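Structure first, commentary second.
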Amino acid sequence: MSILVTGGAGYIGSHTCVELLNEGYDVVVLDNLSNSSEKSLERVEELTGKKVTFYKGDILDRDILNEIFQKEKIESCIHFAGLKAVGESVAKPWEYYNNNITGTLTLVDVMRQYNCKNIIFSSSATIYGDPAQIPITEECPKGQCTNPYGWTKSMLEQMLIDIQKADNEWNVIILRYFNPIGAHKSGRIGENPNGIPNNLMPYVTQVAVGKLESLGVFGNDYDTPDGTGVRDYIHVVDLARGHVKALKKIDENAELCIYNLGTGHGYSVLDIVKNFEEANNIKIPYVIKNRRPGDIATCYCDPSKAKNEMGWVAEYGIKEMCEDAWRWQSNNPNGYDE
Ligand code: NAD
Ligand code: UFG
């Protein structure tokens with residue numbers, strides 16, 4: 001039996017493929033490569049010494065989904081495929097709703113036709129909006145999202161919850177990621193953003209490698225210890241391992257489970273700059289800029305539910321996150337482009 005990994009060539013997907021293959025799972029990837037490169041999968045194979053069955057195609061395309069479910073014995077699906085750029089989603093809401101929502105509904109429809117009713121879904125801390133409490137537990141109410149990307153995650157959670165309620169043969173595990181950073185220890189796979197990065201860590205590593213001049217710090221007047229935004233950064237390999245734990249939870253007949261995946265520690269933007277500088281002995285010049293619209297002051301989670309119910313805890317600390325992010329960037333200054 002195999003695991004279907006949609007979006008498996010992407011940042012979190014490629015790291016999850018490594019962990020799945022190392023745990024002995026067979027892996028089938030469906031990815032349209034709209035935000036990734038097939039090279040990531042070649043490197044996954046190189047790192048694990050195992051094969052990935054790759055289908056280049058779209059989750060909106062029923063024909064390719066039918067082909068996969070006919071040819072492969074799919075037991076569960078880990079569903080990463082989706083568009084994720086917050087700013088772009090404001091400019092292109094139709095594209096985001098169509099890709100993320102219609103795409104997921106199509107996938108789920110084909111899954112049930114083939115009686116495959118196990119899905120692990122990539123959700124996000126963004127669904128909490130401006131959180132009602134810190135640290136954020138899963139019971140914390142969902143909030144107002146500030147962009148269409150966030151709404152797709154919030155709506156998809158509700159859709160999957162309703163589908164599971166109506167048919168309890170489904171096992172739905174919703175994983176709410178906090179801020180994934182870092183890369184595989186080998187430095188062979190990592191985050192490969194298109195153009196100028198929107199997210200903090202890839203911006204920092206591109207300053208470090210000399211592609212960008214200085215980091216803009218978006219606001220230093222938040223109600224936080226140093227005035228800059230506080231987030232729960234989690235090593236992408238820890239996050240990937242959370243998916244392996246979630247598959248094991250499905251084996252125990254999970255039905256519906258929702259877990260925060262974070263470390264439970266908050267670091268400010270300036271903490272990240274300082275930790276990166278110390279871990280890698282590189283200076284990161286920065287300038288304070290205006291707040292970025294839609295940002296909140298503080299966001300970190302209580303990850304104890306994932307520990308108690310799945311036996312999952314994040315093992316890597318901020319130093320390793322900074323070292324591994326830099327190893328990937330310095331070994332691959334242009335990402336997967338030679
Ligand atoms: P990514 O862009 O690196 O990976 C997503 C992959 O999905 C890409 O390889 C892309 O080519 C593919 N894809 C997109 N639309 C597709 C479609 N219609 N059909 C087939 N493939 C398609 O992003 P990531 O950081 O690895 O994120 C993975 C998932 O986790 C996404 O759903 C994202 O929204 C979610 N998530 C990410 C973060 C984060 O900060 N990285 C935080 C919370 C949630
Ligand atoms: N920041 C800067 N300068 C930058 C980039 C970011 O100061 O150039 C700051 C932000 O203002 C924020 C912090 O760094 O305080 C983290 O910002 P990111 O853009 O890296 O991450 P966000 O917390 O804004 O959002 C990310 C993903 C969302 C996801 C969320 C929670 O982009 O999709 O984590 O998982 F929903």
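The values are calculated or read from the model by the stated rules, or taken from the named source; none is laboratory data. Note that the structure is predicted; figures quoted are calculated from it, not measured. Reconstructed Cβ throughout: ideal geometry from the backbone, glycine too, with neighbour counts over all protein chains shown. Just the protein is used for accessible areas: all its heavy atoms, side chains included, with ligands, DNA and RNA removed. Shrake-Rupley method; radii C 1.70, N 1.55, O 1.52, S 1.80 Å.
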Give me the percent relative contact order of the range 121-179, please, defined on Cα pairs under 8 angstrom at least 6 residues apart.
46 percent
Which of rounded, prolate, oblate describes the range 202-246, given a ≥ b ≥ c as roots of the alpha-carbon gyration tensor eigenvalues and a/c under 1.5 marking rounded, otherwise prolate only if a/b is larger than b/c?
oblate
On the Cα set of the range 66-158, report Rg and Dmax in Å, please.
15.1, 47
Which residues qualify? For ASP26, with a placed amide H closer than 5 Å and at least 5 residues away or on another chain, they are ILE3
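Using +1 on the beta carbon of Lys and Arg, -1 on that of Asp and Glu, and nothing else charged, what's the dipole of the range 219-338 about the Cα centre, debye to 20?
In total the dipole reaches around 80 debye.
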Under the rule of -39500 (n - 2.57) per DSSP H run of 4 or more residues, summed and divided by the residues of the chain, what mean residue ellipticity at 222 nm is obtained, to the nearest 500 deg cm²/dmol?
-11500 deg cm²/dmol
With the charge dipole of the chain built from beta-carbon charges (+1 for Lys and Arg, -1 for Asp and Glu) about the Cα centre, the Cα from PRO131, TRP312, SER76 projecting farthest to the positive end belongs to PRO131
Distant alpha-carbon pairs in the range 118-170 (separation over 17 angstrom), percent:
42 percent
For the range 188-237, calculate the relative contact order in percent as a whole number, restricting contacts to Cα pairs under 8 Å that are 6 or more residues apart.
16 percent
Which number do you get for Rg(Cα) / (2.2 N^0.38 Å) in the range 1-135?
1.08
Estimated FRET transfer efficiency (ASN198, ASN115; beta-carbon r; R0 30 Å; 0.05):
0.15
Rounded, prolate or oblate, given the Cα gyration tensor of the range 265-322, with a/c below 1.5 counting as rounded?
oblate
To the nearest 10 square angstrom, how much accessible area does PHE69 have with a 1.4 angstrom probe?
20 Å²
Gain upon complete extension [ASN331, GLU255; 0.36 nm per residue less C-alpha separation]
23.1 nm
Pairwise FRET efficiency - GLU213 versus GLU169, Cβ, R0 = 45 Å, nearest 0.05:
0.25
Determine, at each q value in 0.20, 0.24, 0.25 (inverse angstroms), the log₁₀ of I(q)/I(0) that the Debye formula gives when each Cα of the range 169-257 is one equal point scatterer.
-1.03, -1.21, -1.26
Stokes-Einstein D in µm²/s, Kirkwood radius over Cα pairs - the range 189-337 at 4 °C with 1.567 mPa s viscosity:
77 µm²/s
What are the radius of gyration and Dmax of the chain, computed over its Cα atoms and given in Å?
19.1, 56
Given contacts defined as C-alpha pairs under 8 Å and at least six residues apart, what's the relative contact order of the chain, whole-number percent?
19 percent
About its Cα centre, how strong a charge dipole does the chain have in debye, to the nearest 20, once Lys and Arg get +1 and Asp and Glu get -1 at the Cβ?
220 debye
Mind checking the angle between helix 236-251 and the chain's longest principal axis? C-alpha axes, 0 to 90 degrees, to the nearest 10.
30 degrees
Could you provide, to the nearest whole Å², the per residue accessible area of the chain with probe 1.4 Å?
43 Å²
Taking Rh as the Kirkwood radius computed over alpha-carbon pairs of the range 1-77 and applying Stokes-Einstein at 20 °C with viscosity 1.002 mPa s, one gets a diffusion coefficient in µm² s⁻¹ of 176 µm²/s
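What's the magnitude of the charge dipole for the range 274-338 around its Cα centre, counting Lys and Arg as +1 and Asp and Glu as -1 at the beta-carbon? Answer in Debye, nearest 20.
400 debye
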Positive-end residue of TYR233, GLY210, ASN220, charge dipole of the range 182-235 with Cβ unit charges
GLY210
